[in-house]
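Worksheet: the structure to be examined is printed underneath.
The values are calculated or read from the model by the stated rules, or taken from the named source; none is laboratory data. All figures in this text were calculated on a predicted structure; none of them were measured in a lab. Neighbour counts run over all protein chains shown; Cβ positions are idealised from the backbone, glycine included.
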C-alpha cells in the first residue's frame, strides 16, 4: 500500500478513505459482476479495492507516477485490475471494447472538462458515478429557471439523466477539502434529449445563450451572426420568445432553437 504518499495539491488530490462512503459509491453505481469499470484517479486504491471485489474488470487511470508502482504491486495478483498511468483528459476511450461504467473521485479543477470529455465518448459508457464539488453537482442536476441552471446543466442533461445520490463531508477525505462534496450519477441516454441536425451548432447556441446570462436571448445570441430577419421569425417558427433569458429554456427548447437558427 502507498499510504505514506502525501496528496499533491497541484493535482487536486483528496483521498477518500471512509469505508461508509466508499461502499455507498459502489452501491450508487450499481456495480455488478458483469460490469467493466473505468476508475479515474484511484489514488491510494481505497475505492479500487471495493470495485475489484465485485466487478468483472477494473481499468484504473492514474496520472500521478508516484502512486502507480504501489497500486500495481497491490493488485499484482488480481489480473482483472489494470492500473494505467494516464491523463484521463487524454486517454483513448474510443479504443475500449464494449460499454463501461465510470466511477471516479475527480480532482475538482478538471471535473467540468472531464465530464465534457466523457460525454463526447458517451457511446462507450452506460453511466458515470462521480464525486464532485457539491455546487457543481447541483448545477448539473438543476432544472430550468434558477441561477444554478446553466451551460453545464443543459449539456449534461442533453446526453444523460443526472441524479444526486448523497453528500460527502470534508472529514471523509485526507486531506480535508475546503468544500462539501456530492456523488452524482449520470445515466447515459440511448439518444439525446433533443434530436438536432447539428450537435456542434447546438453546443455553440447553448454556450452563447449563457455567456451573458443577464441578457435576453436576442442579445446574447448576436455573436452567432444570425441574420436579423431570421431572428425575427424565431417566435413564429419555434414558439420561443427571444425576450426570454437562457435559464428559462428547457433542453428540448434549446434543440428547437438551434435547429431553426442553423445556417
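Annotations for the structure displayed:
- Of the residues contained in the stretch 149-158, none is found to be surrounded by fewer than 18 Cβ atoms within 10 Å (Cβ to Cβ) and over 9 Å from residue 182 (Cβ atoms).
- Screening the candidates 177, 143, 162 for the property of being assigned to a loop (DSSP other than H, G, I, E, B), more than 21 Å from residue 259 (Cβ to Cβ) and touching a residue at least 12 places away in the same chain (Cβ under 8 Å) yields one hit, 177.
- Selection count, the stretch 20-39, where residues are more than 21 Å from residue 167 (Cβ to Cβ) and assigned to a helix (DSSP H, G or I): 0
- Residues that are buried (at least 22 other Cβ atoms within 10 Å of the Cβ) and assigned to a helix (DSSP H, G or I) within the stretch 125-140 comprise 137, 140, listed in sequence order.
- Residue 253 being within 20 Å of residue 160 (Cβ to Cβ) and either assigned to a helix (DSSP H, G or I) or at pLDDT 95 or above (or both): yes
- Residue in the stretch 115-124 that is farthest from residue 47 (Cα to Cα), counting only those that are in contact with a strand residue (DSSP E or B) (Cβ under 9 Å, 6 or more places away or on another chain) and surrounded by fewer than 21 Cβ atoms within 10 Å (Cβ to Cβ): 123
- Some residue of the stretch 140-147 being under 23 Å from residue 220 (Cβ atoms) and within 13 Å of the chain's Cα centre (by Cα): yes
- Residue that is nearest to the chain's Cα centre (by Cα) [pool: residues in the stretch 65-104 that are surrounded by fewer than 16 Cβ atoms within 10 Å (Cβ to Cβ) and within 25 Å of residue 168 (Cβ to Cβ)]: 89
- Residue count for the stretch 196-230 under the criterion of being in a loop (DSSP other than H, G, I, E, B), on the phi < 0 side of the Ramachandran plot and without any contact (Cβ under 8 Å) to a residue 12 or more places away in the chain: the result is 2.
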